[in-house]
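Undergrad: Questions regarding the structure given below will be posed in turn.
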Amino acid sequence: MARQIVLSDDKFKCFVRYMIQAAKEKRCVPYVELENVFGLAHDYVGWYAGVLGDYCLNRDLPMLNGLIISSTNCVPSEGFDWYQEEYGRSWGEIVSECWQHFHVTSTRAKQSQDFSGRDNDVANFLQTADIPSYRAA
């Protein structure tokens, strides 16, 4: 029996912030970490990662979903291939762009600039984006 996956706006806002923080820390995030932190099933994390990729493309941000990796293979899932092709970058280039874009300097303004107003921006995206429903097997 298939189940319907519904995106939680508040959870997605936190998901975006979590991935920005990971980029600031210059690290990749295993799917299992996101499953545990956000209480999501594995296929939900993949779906949230896809919506994150769409958000980044829409907002001209580095592809934060490229930082989400399999803990077994240490690379993104096959679903990320589409974003690599769309973005025209290798996975290594995408990771590097995330880390460079969200690099933290010592000033307080720089440390908080990527979060200021982010929830409103994510909410606007979610209201206007055509996010397809997803049925998991």
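Undergrad: Just one of (1) touching a residue at least 24 places away in the same chain (Cβ under 8 Å); (2) part of a helix (DSSP H, G or I) trips up Gln84, so point out which.
TA: Among (1) touching a residue at least 24 places away in the same chain (Cβ under 8 Å); (2) part of a helix (DSSP H, G or I), Gln84 violates only (1).
Undergrad: Ok, one more. Among the residues of region 25-38, is any closer than 26 Å to Gln127 by Cβ, open to solvent by 30 Å² or more (accessible area, probe 1.4 Å), at pLDDT 95 or above and not acidic (Asp, Glu)?
TA: Yes, there is a match, as at least one residue in region 25-38 is closer than 26 Å to Gln127 by Cβ, open to solvent by 30 Å² or more (accessible area, probe 1.4 Å), at pLDDT 95 or above and not acidic (Asp, Glu).
Undergrad: Among Val75, Val32, which is of a type outside the set (D, E, K, R) and within 23 Å of Ser8 (Cβ to Cβ)?
TA: From the options Val75, Val32, the qualifying one is Val32.
Undergrad: Specify the residue that is farthest from the chain's Cα centre (by Cα); the eligible residues are those in region 39-78 that are among the aromatic types (Phe, Trp, Tyr) and farther than 15 Å from Ile20 by Cα.
TA: Tyr44
Undergrad: Also, quick follow-up: Can you tell me which residue in region 108-137 is modelled with the lowest pLDDT, limited to those that are more than 21 Å from Lys11 (Cα to Cα) and touching a helix residue (DSSP H, G or I) at 6+ places or on another chain (Cβ under 9 Å)?
TA: Ala137
Undergrad: Examine region 9-21 for a residue that is modelled with pLDDT under 95, among the β-branched types (Val, Ile, Thr), open to solvent by less than 60 Å² (accessible area, probe 1.4 Å) and under 14 Å from the mean Cα position of the chain (by Cα), and state whether such a residue exists.
TA: no
Undergrad: For region 1-80, please list each of the helices (runs of 4 or more DSSP H) lying entirely inside it that holds at least 2 residues being touching a residue at least 40 places away in the same chain (Cβ under 8 Å).
TA: Because the criterion is at least 2 residues that are touching a residue at least 40 places away in the same chain (Cβ under 8 Å), the helices (runs of 4 or more DSSP H) in region 1-80 that meet it are 9-24, 42-58.
Undergrad: When region 88-100 is examined, which residues are found to be in contact with a helix residue (DSSP H, G or I) (Cβ under 9 Å, 6 or more places away or on another chain) and either open to solvent by less than 50 Å² (accessible area, probe 1.4 Å) or farther than 15 Å from Asp60 by Cβ (or both)?
TA: Ser90, Trp91, Glu93, Ile94, Val95, Glu97, Cys98, Trp99
Undergrad: Continuing with this model, one more query. For region 101-120, which positions are open to solvent by 80 Å² or more (accessible area, probe 1.4 Å) and either touching a strand residue (DSSP E or B) at 6+ places or on another chain (Cβ under 8 Å) or polar (S, T, N, Q) (or both)?
TA: Ser106, Gln113, Ser116, Asn120, listed by residue number.
Undergrad: Confirm whether Tyr83 is crowded, with 16+ Cβ neighbours inside 10 Å, out of contact with any Gly (no Cβ under 7 Å at 6 or more places or on another chain) and under 23 Å from Lys13 (Cβ atoms).
TA: Judged against the criteria, Tyr83 is not a match.
The values are calculated or read from the model by the stated rules, or taken from the named source; none is laboratory data. Here the structure is a predicted model, which is why all the values come from computation and not from measurement. Cβ: placed from backbone, ideal geometry, glycine included. Neighbour counts: every protein chain shown. Heads up: the accessible areas ignore ligands, DNA and RNA and are worked out on the full protein's heavy atoms, side chains in. Shrake-Rupley method; radii C 1.70, N 1.55, O 1.52, S 1.80 Å.
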